[in-house]
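A quick write-up on the structure given underneath.
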Amino acid sequence: MRKQKKIKVSKIIIYLVLSLWAITTIYPFIWVLINSFKPKNRILVDSFYIPFKDFTLDNYIKAFTGRYNVFKAYGNSLLISVSVVIAVLIIAGMASFILARYEFKGKKVFYGFIIASMMFPIFSIIYPLYSIISRLNLVENHLGVILPQIAGNLSFAIVILTGFMEQLPREVEESAYIDGASTLQILFRLIIPMSKSAFATTSIFVFLWSYNDLFLQMLILKDPDKMPVSALLREISSKYGTDFGLMASSVALIAIPIIIVYFLLQKHIIKGLTAGAIKG
């Protein structure tokens, strides 16, 4: 009975702590969302009241129809982030399969270089990177952002996918080889479906990093028609610093895709993050 009471008390404490953490995490977004439906002159006066009487959509209309068009910026962000995710998953998936299943000279050294490359931030290589992009005439071009982001996310993706693939049973692949399956058939019909939780985890992190990469986007893309939403938000805050209604609506619109992607992939993300820990 004492043990049961202790367990119940501990669960109550855990739920209270998690509830408080959830409230402090969710409340800022709710606060921004509420303010996005208020007239801009009322936000500074009272930013905590709920707009029942003066509810308005003017801030969202301005965000989609003004000079800095959020809808067009959404398209630019999705073009960049989805392209980066697809390319990273394809390249990292094949590289991870080779590292997890094949033995060759220099494998450990090669894998060590991959891990070491994760320690270098983009700020340390930005000058030679910008020089290369300029010589390739990719400034003011979405490829100037997509290609560096692919290179920057490959190391992380390879490390995550290789660790997961090494845990997969080899017996399934051996039986497929006996049945006459090729290496590509085994990769795309066996390994990738069995590793979907790891691919989902990798894709959400790559998507988030690409979507929120303000530094590289600001450096390469300065044309408002080509700007993604993260870079556009900075332009709105600098050009329209006093229009807090427009800023609130823009922040809400920028956060919505991230929340949708997370909820769609939530089960796979949790499974992918805990798979290695469960085995250990």
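Quick note: the coordinates plus some simple rules give every number you see, no bench work behind them. The model shown is predicted, which means the values in this text are computed figures rather than measured ones. A quick note on method: Cβ atoms are made from the backbone with ideal geometry, for glycine too, and the neighbour counts reach across all protein chains shown.
Tabulated values for the structure
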| read-out | value |
| --- | --- |
| Gyration tensor over alpha-carbon atoms, the stretch 1-149, equivalent ellipsoid semi-axes in Å | 42, 35, 14 |
| Dipole in debye (nearest 20) - the stretch 67-279, about Cα centre, beta carbon charges: Lys, Arg +1; Asp, Glu -1 | 140 debye |
| By average C-beta atoms within 10 angstrom, highest first, the peptides 243-251, 21-29 | 243-251, 21-29 |
| Peptide ranges 215-226, 191-202 listed from the most packed, as the mean C-beta count within 10 angstrom indicates | 191-202, 215-226 |
| Taking the C-alpha atoms of the stretch 69-203, convex hull volume expressed per residue in Å³ | 147 Å³ |
| 15 Å tail of the calculated P(r), the stretch 150-214, as % of Cα pairs | 58 percent |
| Rounded to whole Å, sorted largest first: equivalent-ellipsoid semi-axes of the chain, Cα gyration tensor | 40, 30, 16 |
| Full-stretch length increase - Leu208, Asp46 - with 0.36 nm per residue and alpha-carbon distance subtracted | 55.1 nm |
| Inter-part distance where the stretch 41-119 and the stretch 7-30 are each reduced to a Cα centre, Å | 28 Å |
| Farthest positive-ward along the chain dipole, Cα basis, beta-carbon charges - from Leu161, Ala231, Gly93 | Leu161 |
| The chain, relative contact order [Cα under 8 Å, separation at least 6], % | 31 percent |
